[in-house]
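Engineer: Supplied in structure tokens, the structure appears directly below.
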Amino acid sequence: MLWKLIKKDYNSTFSLTTIGWKRFIKNKVSFSALLFIGVLIIISILGYLIVPDNTPFSNNQILEISGKNPGFKANILLIKKNITISKKNFLYRMFFGTESEYIYQPFYSYYFSGDSIYIEELTGDTPNNGPLKSYNIADVSYALVPNSVKRIGRVISFIDVNGAVQSQSIEELQNIVKSKHIIKKFFLLGTDRFGRDMLSRIVIGARISLSVGFISVFIALTIGIILGSLSGYYGGKIDQLIVWLINVVWSIPTFLLVIAITFALGKGFWQVFVAVGLTMWVDVARVLRGQIMGIKEKEFVEAAKALGYKNNRIIIKHILPNTIGPIFVIAASNFASAILMEAGLSFLGIGVQPPMPSWGTMIRDHSAYIILGSPWLAIIPGFAIMLTVLAFMLIGNGLRDAMDVKINYTS
């Protein structure tokens, strides 16, 4: 028992991974960046469950309130759509959202008259002076079969979309409208030029950017580790061939190569993953090749060969674990590059396609508003890109310092 405790204390004291992690935590700036990315990942995963607009792609357009300032508030009349919307399970709603069962109608004031509700449309001017619109209170409250509403005295009968015949008094329907169908909606970051909630679009756009980063880096690491390992370990003609391929890809400007691959594969969400991933493996392969060329001459590799271990096992179990530090640093840097590339492609219109939200697309759609009195429409997604890229660069710098063997490990 005493030996187990001593061994556990020894491992926790001298493990390079443990020491590196402790040093990374001491770097307050890098650790804060890691926490920021962690929070961003959690928010992105929850996605539609926490955003104000949980429709697919947060694409609920309310044109009457387009281009409103951050902190804008509006009275909304929720008018039931005359369709049947199937219920979705929790996971489906979290990842794909759910279609709204209401039509959103902003208004300045309202009053009831008989079986109708009259609203003054919101104009945003002072005084408002908006046109009046009327809606049948039964049609506001329920999804109905068209032209099925009948009024007999103070009672309204109608047929809902499921075929059920219902009757309710005018007073009951008015109470339903007042309690459930008149809301005050708050737009923390305002609305875009189509009247969509900016906060919702930013959050779902973060999911797009992080997804592109994760999958692109995974593709780049897979290709880079395989080619870098083969080149560094075997050498000879294999090394010459892979180095030639690295030099060819390295000689082409990265962003131009991404654009070329995107044109070849077509525009779209999944095409961006492949295009970005196929251009970032060069850094991984080049660095890993150099690391393995130095490690393969070490005594423990010679010992593994003497014991008759296969080359695959030596590479995977003995060499690659000793290169994990540089790989992490490159992955963090490539993550930031992938987010910038995705934003650039979307800005040029050859990346993620509308109505799917992307920070790059949001900047492109609202770039003219910088000089037209609503600069936040482009600044907010630009600021989101800046913070996310900066966070990943700080994480990469922190990992580099934490895993640098030249720095005294007792510090």
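The values are calculated or read from the model by the stated rules, or taken from the named source; none is laboratory data. Since the structure is predicted, the reported quantities are computational estimates derived from the model, not experimental observations. No Cβ is skipped: glycine too gets one built from the backbone with ideal geometry, and neighbour counts run over all protein chains shown.
Engineer: Kindly indicate whether Gly360 is closer than 30 Å to Gly398 by Cα, crowded, with 18+ Cβ neighbours inside 10 Å and touching a Gly at 6+ places or on another chain (Cβ under 9 Å).
Structural biologist: Here the answer is yes, as Gly360 does meet what is asked.
Engineer: Picking from Val272, Val301, which residue would you name as being surrounded by 16 or more Cβ atoms within 10 Å (Cβ to Cβ) and either out of contact with any Asp or Glu (no Cβ under 8 Å at 6 or more places or on another chain) or over 30 Å from Leu210 (Cβ atoms) (or both)?
Structural biologist: Numbers: Val272 fails: either out of contact with any Asp or Glu (no Cβ under 8 Å at 6 or more places or on another chain) or over 30 Å from Leu210 (Cβ atoms) (or both).
After applying the criteria, what remains is Val301.
Engineer: Of the residues that sit in the range 218-267 and are surrounded by 15 or more Cβ atoms within 10 Å (Cβ to Cβ) and of a type in the set (Ser, Thr, Tyr), which one is nearest to the chain's Cα centre (by Cα)?
Structural biologist: Per the criteria, the residue is Thr262.
Engineer: Quick test for you: out of Ser367, Ser337, pick the one residue that is within 30 Å of Ile25 (Cα to Cα), assigned to a helix (DSSP H, G or I) and hydroxyl-bearing (Ser, Thr, Tyr). Explain how you work it out, then say what you get.
Structural biologist: Details: Ser367 fails: within 30 Å of Ile25 (Cα to Cα).
Going through Ser367, Ser337 in turn, just one is within 30 Å of Ile25 (Cα to Cα), assigned to a helix (DSSP H, G or I) and hydroxyl-bearing (Ser, Thr, Tyr): Ser337.
Engineer: Restricting attention to the range 124-160, report how many residues are of a type outside the set (Gly, Ala, Ser), surrounded by 14 or more Cβ atoms within 10 Å (Cβ to Cβ) and closer than 26 Å to Leu63 by Cβ.
Structural biologist: The total comes to 8.
Engineer: Residues of the range 223-252 being in contact (Cβ under 8 Å) with a residue 40 or more places away in the chain and within 12 Å of Met280 (Cβ to Cβ), which ones?
Structural biologist: Of everything in the range 223-252, those that are in contact (Cβ under 8 Å) with a residue 40 or more places away in the chain and within 12 Å of Met280 (Cβ to Cβ) turn out to be Ile223, Gly224.
Engineer: Just one of (1) of a type in the set (A, V, I, L, M); (2) out of contact with any Pro (no Cβ under 8 Å at 6 or more places or on another chain); (3) part of a strand (DSSP E or B); (4) at pLDDT below 95 trips up Ala74, so point out which.
Structural biologist: Of the numbered conditions (1) of a type in the set (A, V, I, L, M); (2) out of contact with any Pro (no Cβ under 8 Å at 6 or more places or on another chain); (3) part of a strand (DSSP E or B); (4) at pLDDT below 95, the odd one out for Ala74 is (2).
Engineer: Determine whether the range 92-99 contains at least one residue that is surrounded by fewer than 16 Cβ atoms within 10 Å (Cβ to Cβ), without any contact (Cβ under 8 Å) to a residue 24 or more places away in the chain and in a helix (DSSP H, G or I).
Structural biologist: yes
Engineer: Which numbered condition trips up Ile379, out of (1) at pLDDT 90 or above; (2) surrounded by fewer than 18 Cβ atoms within 10 Å (Cβ to Cβ); (3) closer than 18 Å to Phe269 by Cα?
Structural biologist: Of everything listed in (1) at pLDDT 90 or above; (2) surrounded by fewer than 18 Cβ atoms within 10 Å (Cβ to Cβ); (3) closer than 18 Å to Phe269 by Cα, Ile379 misses just condition (3).
Engineer: Checking the structure you have, find out if any residue of the range 197-217 is in a strand (DSSP E or B) and either within 21 Å of Ile79 (Cβ to Cβ) or basic (Lys, Arg) (or both). It would help to see each step written out before you state the result.
Structural biologist: Kept after step one, since they are in a strand (DSSP E or B), are these residues of the range 197-217: 197.
Subset that is either within 21 Å of Ile79 (Cβ to Cβ) or basic (Lys, Arg) (or both): 197.
The answer is yes; a qualifying residue exists.
Engineer: Does Ala331 satisfy being modelled with pLDDT of 85 or more and either under 20 Å from Phe273 (Cβ atoms) or among the β-branched types (Val, Ile, Thr) (or both)? Walk me through how you get there before you give the answer.
Structural biologist: Working: modelled with pLDDT of 85 or more: yes; either under 20 Å from Phe273 (Cβ atoms) or among the β-branched types (Val, Ile, Thr) (or both): yes.
So Ala331 passes the test.
Engineer: Going through the range 390-411 one residue at a time, which ones are surrounded by fewer than 19 Cβ atoms within 10 Å (Cβ to Cβ) and modelled with pLDDT of 90 or more?
Structural biologist: Passing the criteria: Leu390, Met393.
Engineer: Something else about it: Give the range 113-123 a look and list any residue that's surrounded by fewer than 16 Cβ atoms within 10 Å (Cβ to Cβ) and either among the polar types (S, T, N, Q) or at pLDDT 95 or above (or both), or say none.
Structural biologist: Ser113, Tyr118, Thr123
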